[in-house]
1. Considering each residue of the stretch 354-368, count those that are surrounded by fewer than 13 Cβ atoms within 10 Å (Cβ to Cβ) and not acidic (Asp, Glu), and give that number.
2. Among the residues of the stretch 293-352, which ones are among the charged types (D, E, K, R) and part of a loop (DSSP other than H, G, I, E, B)?
3. Got a sec? Which strands (runs of 3 or more DSSP E) wholly within the stretch 138-212 have at least 1 residues that are under 29 Å from VAL87 (Cα atoms), open to solvent by less than 10 Å² (accessible area, probe 1.4 Å) and small (Gly, Ala, Ser)?
4. Please go through the stretch 369-392 and pick out each residue that is under 23 Å from LEU434 (Cβ atoms), under 21 Å from the mean Cα position of the chain (by Cα) and open to solvent by less than 50 Å² (accessible area, probe 1.4 Å).
5. Return only the number of the condition from (1) of a type in the set (D, E, K, R); (2) farther than 22 Å from VAL236 by Cβ; (3) not in a helix (DSSP H, G or I) that GLU117 does not satisfy.
6. Between PRO339, PRO325, PRO344, which is touching a residue at least 60 places away in the same chain (Cβ under 8 Å) and open to solvent by 60 Å² or more (accessible area, probe 1.4 Å)?
7. Just to be sure I understand, how many residues within the stretch 213-247 are out of contact with any helix residue (DSSP H, G or I) (no Cβ under 9 Å at 6 or more places or on another chain) and assigned to a loop (DSSP other than H, G, I, E, B)?
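The values are calculated or read from the model by the stated rules, or taken from the named source; none is laboratory data. Predicted, not measured: the structure shown is a model, and the values here were computed from it. No Cβ is skipped: glycine too gets one built from the backbone with ideal geometry, and neighbour counts run over all protein chains shown. Areas reflect the complete protein model, heavy atoms only, side chains present, ligands, DNA and RNA absent. Shrake-Rupley method; radii C 1.70, N 1.55, O 1.52, S 1.80 Å.
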Amino acid sequence: MAAPVLRWGCPGTRWVLAGVGGGIRHRRGASIGSTPNPTREQSTVAQKPLHTAQKPRKGEHKWAAVVGLEIHAQISSNSKLFSGSQVCFAAPPNSLVSFFDASLPGTLPVLNRRCVEAAVMTGLALNCHINKKSSFDRKHYFYADLPAGYQITQQRLPIAANGSLAYSVCVGKKRGQLVSKRVRIKQIQLEQDSGKSLHDDLRAQTLIDLNRAGVGLLEVVLEPDLSCGEEAAAVVRELQLILQTLGTSQANMAEGQLRVDANISVHHPGEPLGIRTEVKNLNSIRFLAKAIDYEIQRQINELETGGKILNETRSFDCKLGCTVPMRDKEGKQDYRFMPEPNLPPLVLYDSTTLPAGADSQQVINIDQIRDMLPELPSVTREQLVQQYGLLPEHSFTLLNEVGLLEFFQNVIKETRAEPKKVASWVLNTFLGYLKQQNLTVSESPVTPSALAELLDLLERKAISSSVAKQVFQELWRGQGKTAAQIVSEQKLDLLQDPAALEQLCLATMEEHPQVVVDVKKGNPRAINKLIGLVRKATLSRADPALIKDILEKRLWS
């Protein structure tokens, strides 16, 4: 249904129930057509970066940073949390709004079973204790995209609590060593999403789209166990992979299905924690890391120059690369939490407490959901390392890039090449081309079968390594030719006649007598120069190892 027009009587600002479809939230201060940067009451004063956080400043080692995250994930469900309205990204504005979503009098919430099951499954995957009895609360605050004037959430007795999430970060000079860490999970709660506001400063009006109002969210609250942007990015990426593996959320940050709030403070080790700031609505893993690192450095700089850290909410300006103030939190807002009177406590069961003869459609069995858990990313990585002998960091890359693991496994099935060689080609050559042209795996012009054929040619020494890269480049152009056809047409196959190759080696030695003398004097680089000269004469169609064997026999015979 299309909801009526809403107007808000604030001088110079008008609220209009309209809006545009999309999953990124826009708040007061953002203009139509601007880069999506979801904020509430964002300051219009541009703040330039004080300094970058990548280069440690003098005295930085005296400070310790504390970072905690609140992560909101949109549940993969056909309908909303408490109404039957459809969930669809980029639908026409206000086309997916029920009477309950618009908060018309007399409407009541009906809990979506799918959302509850998703919350339980996510809690189990994150090692949480699942509360067999949880309750819903009303969180009161006024904003035009929240028609009821309150949000239904689970602040006091959530569905899951006391979990943990393992993640890994790269360390070392070359960042080739993985270190495993763990962050505690305080709680996971079900809650409603709000609508979306889009501000038009030129017309002094704000458009409201309620399509997203009432969509089910999982709020994952982490304990402040992190210390930098890199750790936060690793945690969010790992959680994103888990949610996608479970199917509980698509966790597409570009569509607003995963949003992060970061609480950040700094202090001297051994002293009480500092005053924290909150950076809201971070919708990119890269921006999350940048925002946290910038905010840590900003606070250090502020304190070292005699300033004071304010307890405030900030947003990250991705164009300037800095955080900007939105509103202060010195006067703590009273959300007036109260039990939701229209929803009874949510009661779950396990195999030991399930009532005899209970209708499986009317109850939720925790143990049954536990049995349905798929293989989690951490287990998949371990299997990749054990089965194929891959390095742990390579297993992370294969999982972190969407579709890359499936591509790798399909190549493995169709080639005789060793898994390590396949991994090298997939992670270096194939992924390098994708990054260079900003393509996803599904958009690649090179199929797993095409790469498998190329690796088979290389494996049976029909072509050299340099020629293989040349053939891959031809495959990438997408002209519909196979690797074998390219090799045949361009005559790139290795010389298979030992006698002809031996004649080329002898001719090269005769043409470069000084290099031969250098080899016999023990110069290790001279033999490589001879090999290069022979390969040049063969247009790189000869196996370097075979050339070396022939040269050594002739040189020392």
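1. Count: 7.
2. Quick first cut of the stretch 293-352, residues among the charged types (D, E, K, R) only: 293, 295, 298, 302, 304, 308, 312, 314, 317, 319, 327-330, 332, 334, 336, 340, 350.
Scanning the stretch 293-352 gives LYS308, LYS319, LYS329, GLU330, LYS332, ASP334, ARG336, GLU340, ASP350.
3. Details: elements: 150-153, 160-171, 177-192, 196-200, 205-209.
The qualifying strands (runs of 3 or more DSSP E) are 160-171, 196-200.
4. Residues satisfying the conditions are PRO377, THR380, ARG381, LEU384.
5. GLU117 satisfies all of (1) of a type in the set (D, E, K, R); (2) farther than 22 Å from VAL236 by Cβ; (3) not in a helix (DSSP H, G or I) except (3).
6. Details: PRO325 fails: open to solvent by 60 Å² or more (accessible area, probe 1.4 Å); PRO344 fails: touching a residue at least 60 places away in the same chain (Cβ under 8 Å).
Every option except PRO339 fails the conditions.
7. 5
Yes/no matrix, rows are residues, columns are (1) in contact (Cβ under 8 Å) with a residue 60 or more places away in the chain; (2) within 23 Å of ILE366 (Cα to Cα):
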{"residue": "LYS133", "(1), (2)": "yes, yes"}
{"residue": "ALA144", "(1), (2)": "yes, no"}
{"residue": "ALA148", "(1), (2)": "no, no"}
{"residue": "SER164", "(1), (2)": "no, yes"}
